[in-house]
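Only one structure is covered here, and it is reproduced in the block below.
The values are calculated or read from the model by the stated rules, or taken from the named source; none is laboratory data. Bear in mind the structure is a predicted one, so any value in this text is a computation, not a measurement. Positions of Cβ are backbone-derived with ideal geometry, glycine not excepted, and every protein chain shown enters the neighbour counts. Surface accessibility is based on the protein's heavy atoms, side chains included, excluding ligands, DNA and RNA. Shrake-Rupley method; radii C 1.70, N 1.55, O 1.52, S 1.80 Å.
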Amino acid sequence: MNWRAKVELFETIRREYEFGEGTIRGVARKLGVHRRMVREAIGNAVPMARKKPDRPHWKLKPFIPLIEEMLKADLGAPRKQRHTAHRIWQRIKREAAGCEISERSIRKYVRKRRLALGLIGRETYIPQSYPWGLEGQVDWYEAYADLGGERTCLQVFEMRSMAGGGSFHRAYPRATQQAFLEAHELAFRRFGGVFKRLRYDNLKSAVKRILQGHRREETARFIAFRSHWRFEAVFCNPGIDHAHEKGGIEGEAGYFRRNHWVPVPQAKDLEDLNEQLLAACYEDEQRKIAGRELTVGQAVLAEREHLLPLVEEGFDLAEVSFPKVDGLGRVKVRGNFYSAPVRVGLEVQAKVYAGCVEIWHEGQCVARHERCYSRLQEILDLEHYLEPLEHKPGALAGSKPLEQWRKKGRWPASYDQIWEQLMIRHGRQNGTRQMIELLQVGKTHGYETLRRAVESALEMGSCDVSTVRYLVSARQLDRRRPEPIDVGPLCCYERPLPVMTDYDLLLSAKEVMS
């Protein structure tokens, strides 16, 4: 019987007792209820709450001492190394012979005992008020997305305005310091300014060592970055007891994950996913946070004039090293090998960013690769080996750079077709050398232009290198037709054309005289 029905029954009993039968026995007989319920209804119009029996299941009783022993041991164990209810159930099944207790019964009992022992519980939080532009909070969280059809684990940077409620989210393969600093600059541009104070956990990208009290030994690059953008950094206290000092950003992560990471996002690549996340940040500006009069979007606009202005030039985000080019035309950067079109043995400058690695030599960027976050991998570009291959054409077919181009889709089928015809026509060695010559054309004019030219040459039945060269440059030879010009104002300068008839008469007169 639900609560409303029981209240109505109590009312019927009370009326019948007051104006009807007048006795407890008579009311109970007439309404078909127990005399105890009649006495309860007469005593109080509101039914008492039903008491739940507080006794363990009889099957669980023999195992209670073992459970209590495990929970008692958890009192002195690290937080992340305590027993879960599932783990307790597994141990009981393994250590206690003949155990037929269900995991649900274990969970119910363990939760009740943990509350009593103080292992879990609820904490009272104090609402905070933030002036415009004063504080933003920063954190990372983990999420999954399908990039190119492959399920990928990503680290997501988030920054939240505490006064306005606006947020910025950006995903990275790893939570590196380069990603950390780059995301800050993108967030500042999204908000239109810099918060006077940013609150962090003790992230390794910013904190090198935790000292006594609120003091921190920060990393040199973070100090320089903070000085460049002129904001103050505040760090939360370490430990589980202070895990919720920045509840605004933690709540934002939960809200954003539930609303924009469910279902798992689909994207072509990481850049496409980040465009979706930025669009979701702007979409959230339509909502209104409970207890606030303005929408998030209106609050972001109102807060913008209270932020520190953006600096004209961004901070140099690159991590710089000076590796030497090895005998395979590679440099080792962050545990991986990247190709560089520089003579073996020379020292070059490597700049590591969140998404790419650049190789510089004599003030010029000679190579740019997508950053690899694995270890001992080779990231090779076939373009960087074209000059050595001119002297060693036989190495092209089995080269690792060619294999990587094929995997990335940078080697279309038309290249294999014309390469095969060149080898049939000129022999394997000379045909491969001419194929390398064609790739040099792509290096100069672009590989998409080269692909179209090769396909056009094959359609015409030609595999000659000069034909491909002509087709590559043919579009550059086209000239636009000049647009007609209105010469109306120039009509005042028109003069009549000379008449040659008088000259003809002069010639005829000369002939007569002679």
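I need the shape label for segment 259-388. Rule: rounded when a/c is under 1.5, else prolate if a/b > b/c, else oblate, with a, b, c from the alpha carbon gyration tensor.
Numbers: a/c = 3.96, a/b = 2.23, b/c = 1.78.
Prolate is the answer for segment 259-388, as a/c is 1.5 or above and a/b outweighs b/c.
What does the C-alpha gyration tensor say about the overall shape of segment 334-390? Classify as rounded when a/c is under 1.5, otherwise prolate if a/b is larger than b/c, or oblate. Let's see the in-between values first.
On the way: a/c = 1.84, a/b = 1.31, b/c = 1.41.
Here segment 334-390 falls in the oblate category.
Along the Cα→Cβ direction, 7 angstrom out, place labels at D464 and K288. What is the inter-label distance in nm?
About 7.6 nm, to one decimal.
What accessible area per residue comes out for segment 363-472, rounded to a whole number of Å², with a 1.4 Å probe? Working shown, then result.
Numbers: 6160 Å² over 110 residues.
Accessible area per residue: 56 Å².
Eight or more residues apart or on different chains, and alpha-carbon atoms under 28 Å: count the Lys pairs in segment 223-367 matching that.
Working: K246/K288; K268/K351; K324/K332; K324/K351; K332/K351.
Here the count comes out as 5.
For Cα pairs less than 8 Å apart in space and 6+ apart in sequence, what is the mean separation divided by the residue count of the chain, i.e. the relative contact order in percent?
Working: 624 pairs, mean separation 43.8, N = 514.
Contact order relative to length: 9 percent.
Any idea of the accessible area per residue across segment 272-352, 1.4 Å probe, to the nearest Å²?
On the way: 4540 Å² over 81 residues.
Accessible area per residue, segment 272-352: 56 Å².
Can you tell me the order of 221-229, 340-348 when each peptide is scored by its average per-residue count of other Cβ atoms within 10 angstrom, highest first? All intermediate terms of the calculation are to be shown ahead of the outcome.
Details: 221-229: 16.8, 340-348: 15.2.
Peptide ranking by packing, descending: 221-229, 340-348.
Among 332-339, 369-376, what's the highest-first ranking by average C-beta atoms within 10 angstrom per residue?
Numbers: 332-339: 19.1, 369-376: 13.2.
Averaged packing, sorted descending, gives the order 332-339, 369-376.
Just how far, in whole angstrom, is segment 98-116 from segment 481-504 if you go by their alpha carbon centroids?
Using only Cα atoms, the two centres lie 106 Å from each other.
How many percent of the accessible area of the chain is carbon or sulfur, using a 1.4 Å probe? List each step's numbers first, then the result.
Details: 16580 of 32580 Å².
On the chain, the fraction of accessible area on carbon and sulfur atoms equals 51 percent.
Could you sort the peptides 408-418, 498-508 by per-residue average Cβ neighbour count (10 Å cutoff), highest mean leading? Please report the intermediate quantities before stating the final value.
On the way: 408-418: 14.8, 498-508: 8.2.
Result, highest mean Cβ count within 10 Å first: 408-418, 498-508.
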